[in-house]
Amino acid sequence: MIEKIKCLIIGSGPAGYTAAIYASRADMKPVIYEGLQPGGQLTITTEVENFPGFPHGVQGPELMNLFKKQAERLGTDIRYGLATSVDFSQRPFKVVIDNNHEIEAQTVIIATGASAKWLGIPSEKRLNGVGVSACAVCDGFFYRGKDVAIVGAGDSAAEEASYLANICNKVYMLVRKDKMRASKAMIHRVSETKNIEILYNTETDEILGENAVDGVRVRNNITNELRTLAIDGFFVAIGHNPNTEIFKNYIDLDEQGYIKTIPGSTKTNIEGVFACGDVQDKNYRQAITAAGSGCMAALDAERFLALSH
């Protein structure tokens, strides 16, 4: 039995839930499938201090729970499930959930986000949220005046290292190769920053600490020499993977796999399919910008439906 709906939102998090809030208020009767990580990346962070309206900060999971409750109160049908395949070749769009439930949707809002790439060592997972982070802008504030390390060699790693250098005492930048991938301007910036120390040919051996990070053991991959750095925060900036695999046959993606949207909108190359949040934003990647684009996606979808009748 194929289920027919007006507005399908794929993915949760600030973008998906905000899209649902606006779509519900526009009487689009949205159905949202939360995906593998209901609430998105914020559910694996601890305190969020930069989301407006929370003067004393808020825990990431609590913030997402509030988003969800608001969407539910306004009438969103929130379901646990994963979109496993899509057919956007014609309207209504076909989407299969968990390989067995088929949906036909008049509009689709993609809010599947992007997943941070991790090093894959056990201590990184164990200390995630208590000293280990993949977002310097989100969590750097907690390490004001302290020593931190950041892993990465590209422009975003260099930008995050510069951001941390403004608030932290010392920033160790761990670069696996003998040179950085970042642009010359960014390499120059971090090289000239007095409290950034770039350690080339350096890999993370182990992040140290029981209940919080108190150091990192690094290995020089030429000499094999081990060294321990005393730090309080460990940041991973080796990139993100946008969750776009199931859309690639229909939706235009950039070279990194992010969805291309028409500037100033959330419209994709397929009329009636919209994208919001980190799945189409590799520059800002903040909860507030994701929420803002979720609002835009719902408004774009509402206008599309109004004009397509």
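Summary table below
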| item | result |
| --- | --- |
| Residue in the stretch 242-250 that is surrounded by 14 or more Cβ atoms within 10 Å (Cβ to Cβ) and among the β-branched types (Val, Ile, Thr) present | yes |
| Residue in the stretch 117-133 that is part of a loop (DSSP other than H, G, I, E, B) and among the aromatic types (Phe, Trp, Tyr) present | yes |
| Selection within the stretch 5-31 - crowded, with 24+ Cβ neighbours inside 10 Å and in a loop (DSSP other than H, G, I, E, B) | Gly11, Ser12, Met28, Pro30 |
| Count of residues meeting criterion [surrounded by 18 or more Cβ atoms within 10 Å (Cβ to Cβ) and part of a helix (DSSP H, G or I)] in the stretch 271-291 | 6 |
| Number of the condition not met by Asn224 [criteria: (1) polar (S, T, N, Q); (2) on the phi > 0 side of the Ramachandran plot; (3) part of a strand (DSSP E or B)] | (3) |
| Qualifying positions in the stretch 38-70 - in a loop (DSSP other than H, G, I, E, B) and in contact (Cβ under 8 Å) with a residue 24 or more places away in the chain | Pro38, Gly39, Thr45, Thr46, Glu49, Asn50, Phe51, Pro52 |
| Subset of the stretch 292-309 (residues that are crowded, with 18+ Cβ neighbours inside 10 Å and without any contact (Cβ under 8 Å) to a residue 60 or more places away in the chain) | Met296, Asp300 |
| Selection from the stretch 139-164 of residues that are surrounded by 22 or more Cβ atoms within 10 Å (Cβ to Cβ) and not in a strand (DSSP E or B) | Asp139, Gly140, Tyr143, Gly152, Ala157, Ala158, Glu160, Ala161, Leu164 |
| Residue count for the stretch 154-191, restricted to those that are within 13 Å of Ala237 (Cα to Cα) and among the β-branched types (Val, Ile, Thr) | 1 |
| So Arg91, is it surrounded by fewer than 16 Cβ atoms within 10 Å (Cβ to Cβ) and either modelled with pLDDT of 95 or more or out of contact with any Pro (no Cβ under 9 Å at 6 or more places or on another chain) (or both) | no |
| Residue within the stretch 233-254 that is among the aliphatic types (A, V, I, L, M), closer than 19 Å to Pro122 by Cβ, in contact (Cβ under 8 Å) with a residue 12 or more places away in the chain and not in a loop (DSSP other than H, G, I, E, B) present | yes |
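Here is a yes/no grid of residues against (1) hydrophobic (A, V, I, L, M, F, W, C); (2) under 30 Å from Pro52 (Cβ atoms); (3) out of contact with any strand residue (DSSP E or B) (no Cβ under 9 Å at 6 or more places or on another chain):
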| position | (1), (2), (3) |
| --- | --- |
| Thr223 | no, no, yes |
| Phe235 | yes, yes, no |
| Gln256 | no, yes, no |
| Lys260 | no, yes, no |
| Tyr284 | no, yes, yes |
| Asp300 | no, yes, no |
| Arg303 | no, yes, yes |
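Residues checked against (1) at pLDDT below 95; (2) closer than 30 Å to Gly272 by Cα:
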residue	(1), (2)
Ala116	yes, yes
Asn128	yes, no
Ala134	yes, no
Gly140	yes, no
Tyr143	no, no
Ala149	no, no
Glu192	no, no
Ile196	no, no
Leu199	no, no
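The values are calculated or read from the model by the stated rules, or taken from the named source; none is laboratory data. Computed from a predicted structure; not experimentally measured. All Cβ positions, even for glycine, are placed from backbone atoms using ideal geometry, and neighbour counts span all protein chains on display.
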